[in-house]
1. Kindly provide the set of residues from region 10-40 that are over 16 Å from Pro72 (Cβ atoms) and assigned to a loop (DSSP other than H, G, I, E, B), ordered by number.
2. Show the residue pairs that are 6+ apart or on different chains and have beta-carbon atoms under 6 Å apart, the first residue being within region 117-146 and under 29 Å from Gly101 (Cα atoms), the second being of a type in the set (Phe, Trp, Tyr).
3. Here is a list of conditions, (1) part of a loop (DSSP other than H, G, I, E, B); (2) at pLDDT 95 or above; (3) open to solvent by 60 Å² or more (accessible area, probe 1.4 Å), and Glu143 meets all of them except one; can you say which number that is?
4. Are there strands (runs of 3 or more DSSP E) fully within region 49-132 with at least 3 residues that are open to solvent by 30 Å² or more (accessible area, probe 1.4 Å)? List them.
Amino acid sequence: MESFPHPGQGALVTHLLIVRDQDASRAFYTRVFDAEVVREKNPVMLRLYGSWLILNSGGGPTPDKPDVTAVPPESHREFSSILNVRVADIDSAYRTLSERGARFLTPPVQRPQERRCFIVDPDGHLIEIGEFEPSYLAAHGLEAED
């Protein structure tokens, strides 16, 4: 039986992106991130790094959101949400994702607690690729998940 983003019990978090072209966005996420397509369209449903990404076209108000219109971002220069992907090796991720056609704003940048860089998807959504510094994790009593 095919897996689908509906929990057998408890809850499950998915991330919805409003996109201009479902086919182009599906191609981007499968090519760059090797996402698994669970549903092709209306909406696109992808399994991505142990999570779910939903890609849908914009639209006007609905009975459950009567004063809300769903639209893709106007530009990657402003954002209200970022898809955050944590990696074990940012240099390897940067190389691999670049080879797959990702457009990065900059190479990985060193910050006090992490190294990170950002990808822009076809609609202008920002995707953060980041790796925590081991010293940051240790200082806060945190450890990496397997």
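The values are calculated or read from the model by the stated rules, or taken from the named source; none is laboratory data. Just so you know, these numbers come straight off a predicted model, no measurement behind them. FYI the Cβ positions are ideal-geometry reconstructions off the backbone, even for glycines, and counts take in every protein chain you see. What goes into the accessible areas is simple: the full protein's heavy atoms, side chains included, and nothing from ligands, DNA or RNA. Shrake-Rupley method; radii C 1.70, N 1.55, O 1.52, S 1.80 Å.
1. Within region 10-40, Gly10, Ala11, Leu12, Val13, Asp34, Ala35, Glu40 meet the criteria.
2. Going by the 6 Å Cβ cut-off, the qualifying pairs are Cys117/Phe104; Ile119/Phe104; Asp121/Phe28; Pro122/Phe28; Leu126/Phe79; Leu126/Phe118; Glu128/Phe118.
3. (2)
4. Details: elements: 51-57, 82-86, 114-120, 126-132.
Fully inside region 49-132 and qualifying: 51-57, 82-86, 114-120.
Residues are listed down the side, and each one gets a yes or a no for (1) surrounded by 12 or more Cβ atoms within 10 Å (Cβ to Cβ); (2) closer than 22 Å to Leu97 by Cα; (3) of a type outside the set (A, V, I, L, M):
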{"position": "Pro7", "(1), (2), (3)": "no, no, yes"}
{"position": "Leu17", "(1), (2), (3)": "yes, yes, no"}
{"position": "Asp21", "(1), (2), (3)": "yes, yes, yes"}
{"position": "Arg31", "(1), (2), (3)": "yes, yes, yes"}
{"position": "Arg39", "(1), (2), (3)": "yes, no, yes"}
{"position": "Pro43", "(1), (2), (3)": "yes, no, yes"}
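Each row is one residue, and each column tells you yes or no for (1) modelled with pLDDT of 95 or more; (2) in contact with a Cys (Cβ under 9 Å, 6 or more places away or on another chain); (3) over 25 Å from Ala35 (Cα atoms).
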| site | (1), (2), (3) |
| --- | --- |
| Lys65 | no, no, yes |
| Ser80 | no, no, no |
| Tyr94 | yes, yes, no |
| Arg100 | yes, no, no |
| Arg111 | no, no, yes |
| Gly130 | no, yes, no |
| Ser135 | no, no, yes |
